Amino acid sequence: MSGYWEELERPGPDVVAISGAEVRAGSRVRLMPRAGGDVFDLALAGRTAVVEAVEQDLEGRMTLAVVVEDDPGRDLGLARQPGHRFFFSPDEVEVLGGESEAEGDVSPAPGRRRPRILLAGIGNVFLGDDGFGVALVDRLARRSLPSGVEAIDFGVRGMDLAFAMQDGYDTVVLLDATPRGEPPGTLYVIEVAPEEGQADVEAHGMNPVKVLGLLRAFGSTPPRTFVVGCEPQSRVSPEGEELVVALSEPVRAALDPAVKLVESLLHEIHQQEVHRT
């Protein structure tokens, strides 16, 4: 199993201390770019922003990826689209009050509870890149997740996932290898249509669409469901004799970006709950 555990290397730091305050995804800051910096950064001087991610390069330098609060394209920035996501060093920001309790967290409107969200890692760690979802949920489980968010490894236990999805979650995010014909390592966010899937009982198998069908067969309405998927390079048949317990290099390299993608999705889901009428 050593090849599999090598995939679960410690992620980079998700928090940085600035003037005695902890800054993480979801923290609010005022932008104060240094003189002589990039002209686009200087144009943002004095604006307030939300930290989308804390990043660290190979030399250990810390950078804050931020989204400007009054940017009309803020949602694009939270989806990590260029042009709406900016980068500043920790000494170029001033920490503001009103930061969230956990990274990516958003306070609900008065009288509203925080949404319950399940991050479900699925896949078979003995079948190469099929273990992507399990490796990703392990990384997420070791981070500071927003209140109300749970990260659970379901492996190939489709029946267990179906029962868990009936446990009052508002949203479920399935983490899985997702072949769609793009280059290996490509990441996807897919919102699953509520009517998708047919019931097919496989207690020790895992097919997200069939799990949704199984829920309806139980008489339950599936919660809002997303898939955060990764294009696999290696696909090992369960009927084959060879076991592969390591992810391919492109899929392994996609794990850190996938963590950030899930965090951005959680932030977006919370924002939608806060502003929902």
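Residue-level check: of (1) part of a strand (DSSP E or B); (2) modelled with pLDDT under 90, residue 146 misses just (1). Any residue in the stretch 68-97 that's surrounded by 14 or more Cβ atoms within 10 Å (Cβ to Cβ): show its pairings with residues that are modelled with pLDDT under 70 at Cβ separation under 6 Å, as long as the two are six or more apart or on different chains. That search, which allows pairs on different chains as well, returns 84/73; 84/76; 84/77; 85/77.
The values are calculated or read from the model by the stated rules, or taken from the named source; none is laboratory data. Computed from a prediction, not measured in an experiment: that's the story for all the values here. Quick reminder, even Gly has a Cβ in these numbers, built from the backbone with ideal geometry, and neighbours come from all protein chains shown.
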